[in-house]
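The next block holds one structure in the form of structure tokens; read it before the comments.
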Amino acid sequence: MTFLLLLILGILAVVGYSQISKKPPPNRNIEQDRDRGPVQDLHRKASAAPTRLASRSPVLLPADPRVTKWVGWNFCGHLDVVGVQFRKDDAIFAYNNAAKDDEVELRRDPNNIYDENAISVWVCSRHVGFIDKETAKAAVEILPKDMPIRGRFVSGWIGDAGYVRLTFLPLMPDIKSRRANNWDVPGRT
């Protein structure tokens with residue numbers, strides 16, 4: 001009886017150790033993973049997209065004749081896109097196709113039923129998510145409604161469990177352009 005009990009405990013110990021010793025594969029980062037093909041994760045194939053190009057020029061949005069230069073927002077730094085879990089296919093497409101410094105389109109969305117201050121984020125012409133509620137509320141309170149806003153893609157990441165993270169720097173017109181167009185931004189010179 002003791003022998004049988006020791007045998008069962010030994011088998012359980014070996015099985016338990018083999019489960020503990022299995023290391024998950026490392027997470028992928030856009031900087032380390034730039035030249036690989038489309039990500040195939042989440043138990044489904046990502047949309048067919050061209051391989052990211054490491055040494056291409058940044059993709060720019062159409063020029064706004066009222067703006068001479070773009071600068072970062074004075075009330076926040078880099079932002080992570082929120083809500084990507086609801087637009088995972090578009091987020092994976094953006095991750096596979098966006099390069100550092102590509103321009104990101106930001107659209108005010110006052111008719112959003114969940115947040116009247118919502119600002120949607122578009123990367124590679126795909127709606128990938130939104131700016132977080134607190135930052136969007138601050139932007140609506142601080143930035144004039146008629147002033148254009150956009151962003152610059154910084155990085156992306158896809159975790160082993162399928163979590164997608166996209167980071168960008170929000171931009172607004174420089175002081176010269178804001179003064180010329182009467183876009184007053186408190187605290188920014």
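No value in this document is a laboratory result; all are computed from the given coordinates. The shown structure was predicted, so the numbers you read here are calculated from the model rather than taken from an experiment. Glycine gets a Cβ as well: all are built from the backbone with ideal geometry, and neighbour counts include every protein chain shown.
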Could you check the spin-label model distance between N182 and D80? Points 7 Å from the Cα along Cα→Cβ, value in nm.
4.1 nm
Sorted peptide list for 140-147, 151-158, criterion being average Cβ within 10 angstrom, highest first:
151-158, 140-147
If each of Y114 and D64 carries a label point 7 Å out from its Cα toward its Cβ, how far apart are those two points in nm?
2.5 nm
Cβ under 13 Å from K69's Cβ, K69 left aside: what net charge do those residues give with Lys, Arg +1 and Asp, Glu -1?
+4
Taking the highest mean first, how do the peptides 93-100, 171-178 order by number of other beta carbon atoms within 10 angstrom per residue?
93-100, 171-178
